[in-house]
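Chemist: This is the structure, below, for whatever I ask next.
Each value in this text was obtained by applying a stated rule to the coordinates, not by laboratory testing. None of the values given here were measured: they were computed from a predicted structure. With ideal geometry, Cβ positions are generated from the backbone for all residues, glycine too; neighbour counts draw on all protein chains shown.
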């Protein structure tokens, strides 16, 4: 027992070695703060994580974990760490000097005890500072639970076998962070080992976790995923949670028979993965006095036809969608406007009828009243084409999200979840109905496109008429820009998928180049 307590202490020492305008609130007034605990907070409370000099901070949780850290976890939890720290043998991996002397001793111990499964990275190396994957960490945790690699499971099938033991929350992550470690450790506490005991019970019996400590109370929000829907929320039993688009206009939209088909989700205490923000969860009191858990202002529901693992409620009626953290855009629904685009918090998004594709003419005071929207997520509800969501670079270099090429905005006077006060303002501002939106009525200047692909602006010069717009779009993984030799235009660096539009009003020949690759990446525009 003393061995593992000392090992825990040393492990900890080594492991630790929006564009929203200020007036736009994130949630409606009807909602209150929820009691939420992250896996990182739980891991810290149980003594499994101490963090660095700043504790278990966001910066610490964002750091990537390494092979030496995974080895230390393995040794500590299996009771070998103290012996490893005092190892004085001469044999070691050839790259052991990449780490401090304490960790060099650990590497030497691993090399001399290959039965522990740490045989190195080949050619006599261990690669101790290489980032580790979820597969590698789950292998460690499975072995701690008493399962043997090569006997009970193969390395290739590690994650599928781990899922059968209830370990899946960080599966498929190629490079894990300390936040992932926290979630995997807390998740593993309730997993049952080969001898019928949970990891929590095993660690408590060995003194790694104090006898007075208890498992987290309350409901757990889990993350599930599919190729089609991405990552979405379930409860601790694997039942999917949903958003209702009509709640954008009225948080009590689901009543009567609706609630029979879509029961509410509520928990007075929540345990969540470290990747989620506790501040995004709330509790609302419904009109009948019952309480319901919310996420980013959206009430959470089940679907009565779902069993664990099902997503049968997705897109039902075009108004029910899986709850998730990474929507680039969501939908609201009102009796008068039908479906319209919102941000992930249910804040209404608008288009400006004076804009043209890939170009915003809203500047100055206009932009103060109609702040540009920039999405932080990657997914959209079923029925909205992900390819219709894009990004343009504004004249000041800032980014703005577009729908079908047209810029999206907030309205400064929209205060609460579901407000649509910007609809038809000046007869030029409107909500965006994805099913009917076909663009603005503004006259469109002739537009030409230069597609940046494979480090090239295309073949030969581009000839255009004076007053034409030229849209540069980068399709390479590397960032590119375009700078005129005579200084007449200079576009910012564009990431993959980003565009920037220039207008050429004066006749002439414009030679230009990509600044980072100017030796070989050039182009020419001829304006007549």
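Chemist: Considering Cα pairs under 8 angstrom that are at least six residues apart, work out the relative contact order of the stretch 268-422 and quote it in whole percent.
Modeler: Working: 253 pairs, mean separation 29.9, N = 155.
Once normalised by length, the contact order is 19 percent.
Chemist: Set the Förster distance to 60 Å, then compute FRET efficiency between residue 201 and residue 404 from the Cβ-Cβ distance, nearest 0.05. Present the calculation step by step, with values, prior to reporting the outcome.
Modeler: Details: r = 56 Å, r/R0 = 0.93.
With R0 = 60 Å, the Cβ-Cβ based efficiency is 0.60.
Chemist: Let me ask another. Using a cut-off of under 16 Å, list every residue of the stretch 98-132 whose amide N is near the label point 7 Å from the Cα of residue 88 along the Cα-to-beta-carbon line.
Modeler: In the stretch 98-132, the label zone of residue 88 (backbone N under 16 Å from the point 7 Å along Cα→Cβ) covers 102, 105-106, 108-109.
Chemist: What does the helix-only formula give at 222 nm for the chain: each DSSP H stretch with n ≥ 4 adding -39500 (n - 2.57), the total divided by the residues, and the result rounded to the nearest 500 deg cm²/dmol? Before the final figure, lay out the partial values.
Modeler: Values: 12 runs with 99 residues, N = 528.
Helix contribution divided over all residues of the chain: -5000 deg cm²/dmol.
Chemist: Taking the Cα-to-Cβ direction at residue 316 and at residue 101 and moving 7 Å from each Cα, how far apart do the two end points lie in nm?
Modeler: It works out to 6.5 nm between the two label points.
Chemist: What nm value, rounded to one decimal, do you get for the distance between residue 438 and residue 304 when each label is placed 7 Å out toward the C-beta?
Modeler: The answer from the label model is 4.1 nm.
Chemist: Quick one: grab the alpha carbon gyration tensor of the stretch 219-324, order the square roots of its eigenvalues as a ≥ b ≥ c, and give me rounded if a/c is under 1.5, else prolate or oblate depending on whether a/b is larger than b/c.
Modeler: oblate
Chemist: If R0 is 22 Å, what FRET efficiency do you get for residue 506 and residue 363 from their C-beta distance, rounded to 0.05? Kindly include the intermediate steps, with their values, before the conclusion.
Modeler: Values: r = 22 Å, r/R0 = 0.99.
After rounding to 0.05, the efficiency reads 0.50.
Chemist: Say each of residue 396 and residue 127 gets a label point 7 Å from the Cα, pointing the same way as Cα to Cβ; how far apart are those two points in nm?
Modeler: 4.5
Chemist: How big is the antiparallel share of DSSP beta bridges in the stretch 447-527, given as a percent to the nearest 5?
Modeler: 65
Chemist: Right, next: What percent do you get for the relative contact order of the stretch 74-174 when only Cα pairs under 8 Å and 6+ apart count?
Modeler: Values: 103 pairs, mean separation 23.1, N = 101.
Dividing the mean separation by the residue count of the stretch 74-174 yields 23 percent.
Chemist: Next question, about the same structure. The list (i) 21, 46, 26, 8, 0; (ii) 20, 51, 26, 4, 0; (iii) 19, 41, 32, 7, 0 gives values of P(r) over Cα pairs in 20 Å bins from 0, in percent, and only one came from this structure; which label was calculated from it?
Modeler: So the structure-derived entry is (iii).
Chemist: Could you please rank 65, 57, placing first whichever residue has the fewest other Cβ atoms within 10 Å of its Cβ?
Modeler: Details: 65 21, 57 14.
In increasing order of surrounding Cβ atoms, one gets 57, 65.
Chemist: Using the 10 angstrom Cβ neighbour count as an exposure proxy, how do 95, 39, 247 rank, fewest first?
Modeler: Values: 95 17, 39 29, 247 24.
Lowest count first: 95, 247, 39.
Chemist: For the stretch 338-431, what does the relative contact order come out to in percent, with C-alpha contacts under 8 Å and a separation of six or more?
Modeler: On the way: 158 pairs, mean separation 36.9, N = 94.
That works out to 39 percent.
Chemist: Still on this structure, please answer the following. If you take the beta carbon distance between residue 252 and residue 374 as r and set R0 to 35 Å, what does 1/(1 + (r/R0)^6) give as a FRET efficiency, to the nearest 0.05?
Modeler: Working: r = 31 Å, r/R0 = 0.88.
Step by step, r from the Cβ atoms, then E = 0.70.
Chemist: Just want the ordering: 213, 419, from fewest to most Cβ atoms lying within 10 Å of their own Cβ.
Modeler: Ranked by crowding around the Cβ, least crowded first: 213, 419.
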